[in-house]
Ligand SMILES: NC(=O)c1ccc[n+]([C@@H]2O[C@H](COP(=O)([O-])OP(=O)(O)OC[C@H]3O[C@@H](n4cnc5c(N)ncnc54)[C@H](OP(=O)(O)O)[C@@H]3O)[C@@H](O)[C@H]2O)c1
């Protein structure tokens, strides 16, 4: 395939999605991450970014300067737990610093990347964009509570993606954006939370990446954001 495929973030799911896109026959897959990496296929073009606004603009500009139209954009950045923060179990654990960090990485950063590819997506034919969201970002589906900042950052991401979907419905009617819930996937992000996962429900990143790339081939253009899970089932907002 001569079109361009771009993956932002090279964690467990991002790396698997890059491989799945290569398996689909993309000649070149552009991947962007914070750190230099080794062992990538020669068909992967790796870009190192500090995720600052100038870096995002420069890299998106350099990728879109190359020949070929943008067919696939998959944005995978996300955090849930770090050295000095954990998902909140109670309101009293809420911290402004943690919430701000969560919103920066989970909501704002993916949207800045999407914005940087705006013109390329406007000009492309049937471009497909997937941004890694999470079922816990569904307000309707929230019966357990907790995880205030992570849930809210993904709900906010979905809202911003719906805004972008409305914008693209005017600018390029063939474009479609998907907020994708991968299920529980065996990656560093889910590692501390895997104990209660029912048997058969902890997916490999490769499995989920294949589901996502197949979904992007099939998904219809609706002019609205589609919030879909790994099984292509819609999730209520
Ligand atoms: N794993 C699951 O069970 C699960 C379930 C639901 C949703 N998700 C979502 O799927 C996405 C991918 O997660 P994963 O499972 O592949 O996790 P992962 O292996 O831990 O990868 C995390 C990703 O987030 C990026 N990231 C981490 N810290 C960051 C920071 N401070 N600033 C900017 N980017 C940062 C990394 O970018 P670099 O490559 O540049 O380091 C990497 O691409 C996330 O959005 C997550 O919320 C995962």
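The values are calculated or read from the model by the stated rules, or taken from the named source; none is laboratory data. Note that the coordinates shown come from a computational prediction; the quantities given were computed from them, not determined experimentally. Every residue, glycine as well, gets a Cβ built from its backbone with ideal geometry; the counts of neighbours run over all protein chains shown.
Observations on the model:
- Some residue of the range 99-108 being in contact (Cβ under 8 Å) with a residue 24 or more places away in the chain, part of a helix (DSSP H, G or I) and closer than 18 Å to residue 205 by Cβ: no
- Test for residue 87: is it modelled with pLDDT of 95 or more, within 15 Å of the ligand (Cβ to nearest atom), surrounded by 18 or more Cβ atoms within 10 Å (Cβ to Cβ) and not in a helix (DSSP H, G or I): yes
- Residue 39, sole failed condition from (1) in contact with a strand residue (DSSP E or B) (Cβ under 6 Å, 6 or more places away or on another chain); (2) within 16 Å of the ligand (Cβ to nearest atom); (3) not in a strand (DSSP E or B): (1)
- A single member of 98, 64 is touching a helix residue (DSSP H, G or I) at 6+ places or on another chain (Cβ under 8 Å) and within 16 Å of the ligand (Cβ to nearest atom), and it is 98.
- Residues of the range 160-198 satisfying the condition of being away from the ligand (no atom under 11 Å from the Cβ), without any contact (Cβ under 8 Å) to a residue 24 or more places away in the chain and not in a loop (DSSP other than H, G, I, E, B): 163, 167, 170
- For the range 23-36, the set of residues classified as more than 9 Å from the ligand (Cβ to nearest atom) and either under 25 Å from residue 106 (Cα atoms) or crowded, with 18+ Cβ neighbours inside 10 Å (or both) consists of 26, 28, 29, 30, 36, listed by residue number.
- Single match in 2, 92 (criterion: free of Cβ contacts under 8 Å to residues at least 12 places away in the same chain, away from the ligand (no atom under 14 Å from the Cβ) and exposed (fewer than 14 other Cβ atoms within 10 Å of the Cβ)): 92
- Total residues in the range 10-31, condition farther than 18 Å from residue 67 by Cα, in contact with a strand residue (DSSP E or B) (Cβ under 6 Å, 6 or more places away or on another chain) and not in a helix (DSSP H, G or I): 1
- Whichever residue in the range 127-159 is more than 14 Å from the ligand (Cβ to nearest atom) and in a helix (DSSP H, G or I) and, among such residues, is farthest from residue 236 (Cα to Cα): 148
- Among the residues of the range 106-114, some residue qualifies, meaning at least one is out of contact with any helix residue (DSSP H, G or I) (no Cβ under 7 Å at 6 or more places or on another chain) and closer than 25 Å to residue 55 by Cα.
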